[in-house]
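Take a look at this one; I'll ask things after.
The values are calculated or read from the model by the stated rules, or taken from the named source; none is laboratory data. Keep in mind it's a predicted model, so treat the numbers as computed, not measured. Because the Cβ atoms are built from the backbone with ideal geometry, glycine has one as well, and the counts that use them run over all protein chains shown. To get the accessible areas, we keep the full protein, side chains included, count just its heavy atoms, and leave off ligands, DNA and RNA. Shrake-Rupley method; radii C 1.70, N 1.55, O 1.52, S 1.80 Å.
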Protein chains: 2
Amino acid sequence: MKEEIDFAKGNGLVPVIVQDYRSREVLMVAYMNEEAWEKTQVTGKAHFYSRSRRGLWLKGEESGHFQVVKDTFIDCDNDTLLLQVEQLGGGACHMGYKSCFFRKNSGEHWDIVGEKAFKPEEVYKK
Amino acid sequence: MKEEIDFAKGNGLVPVIVQDYRSREVLMVAYMNEEAWEKTQVTGKAHFYSRSRRGLWLKGEESGHFQVVKDTFIDCDNDTLLLQVEQLGGGACHMGYKSCFFRKNSGEHWDIVGEKAFKPEEVYKK
């Protein structure tokens, strides 16, 4: 299992796509190291490696918007993971949208087309 | 448009998730540099930067399995793109599966669960 994931290729990190397990909407992309992988397996909640904070990150630790992992897939190169999750709290994006991919290319601009799920100022108190 | 994409963060490359525009199945993940972005905009077909070959890669150039871009999204950090495409030829994976994420975590193994779309030996002649 873990042995097959090629963490070395990305200097200890693999990109992880997170997708809603029902709608299949792509919610976000984050990164896992071995520790984050193991914590995710043990708890059933998505953990990542925060590149900005340089440490383990339980998604939802502040907001309560945890991601309950339903299924996990690996790609043909063994260097990318796909999680199908139940997104608690309605949204994955720290800006309050359901998905981090809430802006679409119109040709001239990136237009906001995503669905707002919560008010960030009410969720992030720090 | 292009100016807003943060290519610098990943040393000139951004990860790109490719999703079937109808079923929303995640097909693959690849990388774009500025040139690949521009070629994709001009042609409407997904172009990437091949890290192994170190050059521009028109997806489907050998197989004929081009990806016709329907919509493009950018994430909240401006460092990841999402393409919704029409996958020609039935499959995105060079191993003949519809999606590169054709193996699922069973707890003990990565089980093959993906749908086979073509025979690689008939598609890749080189």
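Mind listing the label-point distances from B:Lys116 to the same position on all other copies, shortest first, one decimal in nm, points 7 Å along Cα→Cβ?
Here B:Lys116 shows inter-copy label distances of 5.0 nm.
If each label sits 7 angstrom from Cα along the C-beta direction, how far apart, in nm, is A:Gly44 from its counterparts in the other copies?
Nearest to farthest, the other copies are at 4.7 nm.
List, in the order given, every pair from A:Lys45/B:Lys45; A:Lys70/B:Lys70; A:Lys9/B:Lys59; A:Lys39/B:Lys119; A:Lys98/B:Lys125 whose Cα-Cα distance in the structure shown is over 32 Å. Before the final figure, lay out each step's value.
Values: A:Lys45/B:Lys45 36 Å; A:Lys70/B:Lys70 28 Å; A:Lys9/B:Lys59 22 Å; A:Lys39/B:Lys119 38 Å; A:Lys98/B:Lys125 43 Å.
From the list (A:Lys45/B:Lys45; A:Lys70/B:Lys70; A:Lys9/B:Lys59; A:Lys39/B:Lys119; A:Lys98/B:Lys125), the Cα-Cα distance tops 32 Å for A:Lys45/B:Lys45; A:Lys39/B:Lys119; A:Lys98/B:Lys125.
Could you identify which residue out of A:Ser50, A:Ser23, A:Ser63 has the top mean-square fluctuation in a GNM of chain A using Cα springs shorter than 10 Å?
With Cα springs under 10 Å in chain A, the top fluctuation among A:Ser50, A:Ser23, A:Ser63 is at A:Ser23.
Quick one: Karplus J couplings for the stretch A:8-20, per residue in order, coefficients 6.51, -1.76, 1.60, θ = phi - 60°, nearest Hz, x for Gly and Pro?
4, 3, x, 6, x, 10, 10, x, 10, 8, 10, 10, 5
Please report the residue of chain B with the smallest beta-carbon distance to the B-to-A rotation axis, and give that distance in Å, no decimals.
Chain B residue with minimal Cβ-axis distance: B:Arg24, 2.
Report, in degrees rounded to the nearest 10, the 0 to 90 angle that the Cα long axis of helix A:34-43 makes with the longest principal axis of chain A.
Result, in degrees: 70.
Just the accessible area per residue of the stretch A:66-113, please: how many Å² with a 1.4 Å probe?
About 37 Å² of surface per residue is accessible.
For the stretch A:1-66, what does the relative contact order come out to in percent, with C-alpha contacts under 8 Å and a separation of six or more?
Numbers: 89 pairs, mean separation 13.7, N = 66.
Result for the stretch A:1-66 is 21 percent.
Does the stretch A:1-125 come out rounded, prolate or oblate by the C-alpha gyration tensor, with a ≥ b ≥ c the root eigenvalues, rounded set by a/c under 1.5 and, if not, prolate when a/b is larger than b/c and oblate if not? Walk me through the intermediate numbers first.
Working: a/c = 1.77, a/b = 1.41, b/c = 1.25.
Here the stretch A:1-125 falls in the prolate category.
Taking one equal scatterer on every alpha-carbon of the stretch A:48-113, how large is log10 of I(q)/I(0) by Debye at q = 0.11 1/Å?
-0.37
May I ask for the percentage of alpha-carbon pairs in the protein assembly as shown that lie more than 23 Å from each other? Before the final figure, lay out the partial values.
Numbers: 15676 of 31626 pairs.
Taking all Cα-Cα pairs of the protein assembly as shown, the fraction more than 23 Å apart is 50 percent.
Which cross-chain or sequence-distant (5 or more) residues have an amide H under 5 Å from the amide H of A:Cys76, H modelled 1.01 Å from N in plane?
Residues meeting the criterion, in which the H sits 1.01 Å from N, are B:Phe102.
Specify the inter-centroid distance of the stretch B:1-73 and the stretch B:96-118, based on alpha-carbon positions, in whole Å.
22 Å
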